[in-house]
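Written out below as structure tokens is the structure these notes cover.
The values are calculated or read from the model by the stated rules, or taken from the named source; none is laboratory data. As the structure is a computational prediction, the values presented were derived from the model and not from experiment. Positions of Cβ are generated from backbone atoms using ideal geometry, with glycine treated the same way; all protein chains shown enter the neighbour counts.
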Amino acid sequence: MGTEERAESFSGEAGRLRKIIHIDMDAFYASVEQRDNPDLRGKPVAVGGSRERGVVAAASYEARKFGVHSAMPSIAAKRKCPDLIFVKPRFDAYKAISLQIREIFAEYTPIIEPLSLDEAYLDVTENLKGIALATQLAEEIRAKIRAETGLTASAGVSYNKFLAKLASDHRKPDGLFVITPKMGPAFVETLPVRKFHGVGPATARKMSGLGIETGFDLKGQTLEFLQQHFGKVSSYYYWAARGVDDRPVRADRIRKSVGAENTFPADLFAYEAARDALREIVDKVWDYCEGSGIRGRTVTLKVKFANFQIITRSRTGQMPVRTRSELEQLGDALLEPLFPVVRGIRLLGISMSSLGAEGAEQPEFSLPV
Ligand SMILES: [Mg+2]
């Protein structure tokens with residue numbers, strides 16, 4: 001199929017046009033550290049070891065202004081920015097937030113492909129909210145991430161993975177950018193090849209040696225020429241240079257829990273208020289269970305306090321939870337001992353795991369998320 005026909009099929013048939021969102025947390029590890037330690041806010045921060053052999057895992061935007069970036073040796077970073085503050089990474093904290101944002105994604109689409117703790121592709125062509133505009137959806141997801149984690153994310157919206165990823169980088173931090181099918185080919189032409197996902201420094205140098213500096217230059221090469229120099233990956237380059245990328249968003253995660261949570265407009269202090277709030281969340285979860293036939297043996301209560309500290313309490317029964325009121329009672333039994341609370345409760349969530357289908361003898365059951 002020629003390039004022209006290919007481009008046509010994207011804009012011509014609505015059924016073929018995909019809607020892909022790439023979400024990327026902004027300076028993730030560094031932002032988490034600044035969120036959790038007010039002394040670090042507004043300052044150049046590097047997450048990573050400060051020792052001789054240390055490497056910067058992530059740099060705050062304040063540090064980036066000095067030219068500090070991830071994968072840079074700590075010694076070099078310190079030379080560039082003498083006031084740089086080094087913080088030890090806390091991967092457990094990053095993982096917990098990563099799960100939180102993936103739960104948010106799952107409210108919108110089951111087709112999620114995480115690239116790392118802080119990045120994922122979402123295919124929202126068909127989405128769980130029935131929202132037609134992918135841009136609106138991306139804004140909602142960004143707002144939700146901010147409300148629930150206190151962190152910012154950037155989003156790229158486009159008709160394939162290659163462009164969605166480029167788009168999320170375009171308005172960073174805390175930005176959103178859309179590359180429509182009309183804009184795609186021209187956007188890629190002006191792009192330096194080192195910005196292409198999958199083109200590392202070595203490949204970029206090699207391309208430069210062949211006179212290929214931009215997407216436009218790359219587009220000028222035949223597939224045969226590229227194959228001679230770059231082998232198997234060439235057809236990806238060839239089509240990417242034309243704004244074409246048919247790689248699917250691969251959702252290979254398995255649903256391990258079903259749950260819901262709610263962030264409150266005002267923090268809750270009284271047990272009664274929290275119990276009532278939990279009932280509404282139980283309703284949501286149980287509705288899902290009714291609809292899907294999924295039941296779980298483990299009930300987990302999640303509580304986030306005003307200072308963003310998260311605690312969980314869980315209990316595992318011999319048998320799956322059978323009724324809504326049983327779920328409510330179990331949730332309540334986990335909630336009550338937490339009172340009185342020192343800090344207000346910002347969020348409550350309840351989930352069931354160790355899932356099985358209703359009445360199934362085999363407890364193993366999985367649903368793609
Ligand atoms: Mg990121």
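Below are the figures for this structure:
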quantity: Which numbered condition residue 205 misses (of (1) assigned to a helix (DSSP H, G or I); (2) at pLDDT below 90); calculated: (2)
quantity: Yes/no for residue 257 being surrounded by 15 or more Cβ atoms within 10 Å (Cβ to Cβ) and polar (S, T, N, Q); calculated: yes
quantity: Residues of segment 52-73 satisfying the condition of being at pLDDT below 90 and either outside the structural domain of residue 35 (by TED's automatic domain parsing) or of a type in the set (Gly, Ala, Ser) (or both); calculated: 54, 57, 70, 71
quantity: Selection count, segment 215-255, where residues are touching a residue at least 60 places away in the same chain (Cβ under 8 Å), assigned to a loop (DSSP other than H, G, I, E, B) and over 24 Å from residue 181 (Cβ atoms); calculated: 3
quantity: Residue 45, sole failed condition from (1) buried (at least 24 other Cβ atoms within 10 Å of the Cβ); (2) more than 19 Å from the chain's Cα centre (by Cα); (3) within 12 Å of the ligand (Cβ to nearest atom); calculated: (3)
quantity: Of all residues in segment 319-339 being part of a loop (DSSP other than H, G, I, E, B) and either within 31 Å of the chain's Cα centre (by Cα) or in contact (Cβ under 8 Å) with a residue 40 or more places away in the chain (or both), the one that is nearest to residue 297 (Cα to Cα); calculated: 320
quantity: Members of segment 242-272 that are modelled with pLDDT under 90, touching a strand residue (DSSP E or B) at 6+ places or on another chain (Cβ under 6 Å) and hydrophobic (A, V, I, L, M, F, W, C); calculated: 251, 258
quantity: Single unsatisfied condition, residue 91 versus (1) buried (at least 16 other Cβ atoms within 10 Å of the Cβ); (2) within 16 Å of the ligand (Cβ to nearest atom); (3) free of Cβ contacts under 8 Å to residues at least 60 places away in the same chain; calculated: (1)
